[in-house]
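Enquirer: Okay, handing you the structure first.
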Amino acid sequence: MDIIILGIESSCDDTSASIIRNGYVVSNNVANQDIHKKYGGVVPELASRAHQQNIIPVVDIAIREAGITPEDISAIATTSGPGLMGALLVGNSFTKGFALARNIPIIDVNHLHAHILSVFLQKEDENKPMPPFPYLCLLVSGGHTQILIVKSHLESEIIGQTIDDAAGEAFDKCAKVIGLPYPGGPLIDKFSSEGNPKAFQFNKPQIPDLNYSFSGLKTSFLYFLRDQVKENPGFIDNNTSDICASIQSTIIDILLEKLVIASHKTGIKHIAIAGGVSANSGLRNAIKETGIKEKWQVYIPEFKYSTDNAAMIGITGYYKFLNKDFSGLNSAPFARNKV
Ligand code: KG4
Ligand code: ZN
């Protein structure tokens with residue numbers, strides 16, 4: 001019998017639903033929330049309200065596009081955290097109502113676990129190379145930056161992480177400094193394609209082990225611009241592409257330097273990236289180039305599966321379903337990962 005999972009994602013500012021059949025993507029529908037743009041960041045209350053408006057139509061479309069009916073669904077998987085509590089509650093409440101009505105199991109999915117498994121997403125007629133276990137994953141999102149040894153679909157070990165800001169946060173905060181709207185990461189990416197990555201130099205942090213730090217970089221970026229603008233008020237407008245390309249390449253260098261050390265230390269040469277920042281074209285190119293030098297097999301999620309989506313929740317739900325890892329109506333979402 002087919003195993004059909006309905007995946008639900010509502011941890012931040014994307015409402016998404018997906019159907020995964022026997023481990024393959026059948027549909028993946030995402031509603032973005034543009035409302036946050038004018039506020040320079042995600043406003044939690046507005047995110048919850050938008051999720052509430054979007055959730056039923058988004059699920060309805062995902063089910064219709066898959067050509068199935070609610071009766072066909074084996075289980076419902078939902079992001080339980082980390083994320084914004086009010087946003088998570090919308091997806092979780094919907095999930096409980098749906099599960100109760102259909103009498104099917106609920107599967108709680110950790111958002112970070114789901115990002116890690118995004119490299120396994122494909123349609124049934126695709127034949128993408130999949131990483132063998134163990135592989136290394138550089139998980140770079142708006143809230144997290146980690147290097148993990150992924151040991152199975154269900155188990156991974158963090159071997160390095162940021163001690164302050166996440167890489168996505170660094171992109172977004174630097175973008176804000178030069179007047180770009182939220183989320184700034186994709187805009188820095190866009191401007192970078194026309195800029196010189198060596199135009200300006202920024203100090204890289206010296207952090208021990210496999211850990212990262214991005215807060216110092218953000219501060220030196222701010223001071224550098226403040227000094228330049230003092231001399232030349234038009235500095236940012238006249239140099240946007242070079243500024244973006246320079247800060248982007250610095251962030252990428254920092255990320256890849258530790259990933260190379262992690263690979264040398266563990267001897268693992270199957271390397272994946274995941275999370276919103278893995279959508280960055282500079283990072284996608286740089287990891288391929290580093291992969292050639294280091295003799296890595298590199299695995300990059302499809303662009304649409306890099307940023308938040310429910311397909312990654314659905315596939316994680318699928319593997320947890322195979323393991324009979326279900327939760328009940330009393331499960332509660334959580335805002336931060338338990339340490
Ligand atoms: O994984 P994600 O969609 O949500 C979280 O779980 O946080 O990641 C969002 C982050 C934001 O910081 C956003 O600016 C960044 O990913 N991002 C990018 C790009 N696309 C999204 N950063 C750099 N370049 C991009 N193309
Ligand atoms: Zn995410």
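Enquirer: Among the residues of segment 41-69, which ones are touching a helix residue (DSSP H, G or I) at 6+ places or on another chain (Cβ under 7 Å) and in contact (Cβ under 8 Å) with a residue 60 or more places away in the chain?
Expert: Within segment 41-69, just VAL42 meets the criteria.
Enquirer: Can you tell which of HIS115, HIS111 is within 16 Å of ligand 2 (Cβ to nearest atom), crowded, with 20+ Cβ neighbours inside 10 Å and within 17 Å of VAL298 (Cα to Cα)?
Expert: The conditions single out HIS115.
Enquirer: Looking at ASN309, ASN280, ASN285, which is the one that is modelled with pLDDT of 95 or more and more than 16 Å from ligand 2 (Cβ to nearest atom)? Before you say what the answer is, go through the steps one by one.
Expert: Working: ASN309 fails: more than 16 Å from ligand 2 (Cβ to nearest atom); ASN280 fails: more than 16 Å from ligand 2 (Cβ to nearest atom).
Answer to the check: ASN285.
Enquirer: Just one of (1) under 21 Å from LEU117 (Cβ atoms); (2) hydroxyl-bearing (Ser, Thr, Tyr); (3) touching a Phe, Trp or Tyr at 6+ places or on another chain (Cβ under 8 Å) trips up TYR24, so point out which.
Expert: (3)
Enquirer: Among residues belonging to segment 180-197 that are out of contact with any Lys or Arg (no Cβ under 8 Å at 6 or more places or on another chain) and over 13 Å from SER241 (Cβ atoms), point out the one that is least open to solvent (accessible area, probe 1.4 Å).
Expert: The residue in question is GLY185.
Enquirer: If THR69 passes every condition in (1) of a type in the set (Val, Ile, Thr); (2) more than 16 Å from ligand 1 (Cβ to nearest atom); (3) under 17 Å from SER16 (Cα atoms) but one, which one does it miss?
Expert: (3)
Enquirer: Continuing with the same structure: Under 9 Å between Cβ atoms, which residue pairs at least 6 apart in sequence (or on different chains) link something in segment 276-291 that is closer than 15 Å to SER263 by Cα with a partner that is within 13 Å of ligand 1 (Cβ to nearest atom) and open to solvent by 30 Å² or more (accessible area, probe 1.4 Å)?
Expert: Sorted first by the residue in segment 276-291, then by its partner, the pairs are ILE287/ILE300; LYS288/ILE300.
Enquirer: For the condition within 16 Å of ligand 2 (Cβ to nearest atom), touching a residue at least 24 places away in the same chain (Cβ under 8 Å) and of a type outside the set (Phe, Trp, Tyr), what is the one hit in PRO205, PRO197, PRO183?
Expert: Just a single option satisfies the conditions, and that option is PRO183.
Enquirer: Sticking with this one: Tally up the residues in segment 7-59 that are open to solvent by 30 Å² or more (accessible area, probe 1.4 Å), in contact with a Leu (Cβ under 9 Å, 6 or more places away or on another chain) and over 26 Å from GLY179 (Cα atoms), please.
Expert: Of the residues in segment 7-59, 2 are open to solvent by 30 Å² or more (accessible area, probe 1.4 Å), in contact with a Leu (Cβ under 9 Å, 6 or more places away or on another chain) and over 26 Å from GLY179 (Cα atoms).
Enquirer: Listed residues THR316, THR266, THR307; which is more than 16 Å from ligand 1 (Cβ to nearest atom), β-branched (Val, Ile, Thr) and in contact (Cβ under 8 Å) with a residue 12 or more places away in the chain?
Expert: Exactly one of THR316, THR266, THR307 is more than 16 Å from ligand 1 (Cβ to nearest atom), β-branched (Val, Ile, Thr) and in contact (Cβ under 8 Å) with a residue 12 or more places away in the chain, namely THR266.
Enquirer: Can you tell me which condition ILE76 does not meet? The list is (1) assigned to a helix (DSSP H, G or I); (2) assigned by TED's automatic domain parsing to the domain that holds THR15; (3) surrounded by 17 or more Cβ atoms within 10 Å (Cβ to Cβ), and all the others hold.
Expert: Tallying (1) assigned to a helix (DSSP H, G or I); (2) assigned by TED's automatic domain parsing to the domain that holds THR15; (3) surrounded by 17 or more Cβ atoms within 10 Å (Cβ to Cβ), ILE76 fails exactly one: (1).
Enquirer: Go through segment 133-159 residue by residue and tally those that are in contact with a strand residue (DSSP E or B) (Cβ under 6 Å, 6 or more places away or on another chain) and open to solvent by 40 Å² or more (accessible area, probe 1.4 Å).
Expert: Total satisfying the criteria: 5.
Enquirer: With the checklist (1) open to solvent by 20 Å² or more (accessible area, probe 1.4 Å); (2) touching a residue at least 12 places away in the same chain (Cβ under 8 Å) in hand, flag the one item SER93 doesn't pass.
Expert: (2)
Enquirer: Answer yes or no as to whether ASN103 is open to solvent by 70 Å² or more (accessible area, probe 1.4 Å) and within 16 Å of ligand 2 (Cβ to nearest atom).
Expert: No, not satisfied.
The values are calculated or read from the model by the stated rules, or taken from the named source; none is laboratory data. Because the structure is predicted, anything quoted here is derived from the model rather than measured. Heads up, the Cβs are rebuilt from the backbone with ideal geometry, glycines too, and the neighbour counts pull from every protein chain shown. Remember, those area values only see protein heavy atoms, side chains included, never the ligands or the DNA or RNA. Shrake-Rupley method; radii C 1.70, N 1.55, O 1.52, S 1.80 Å.
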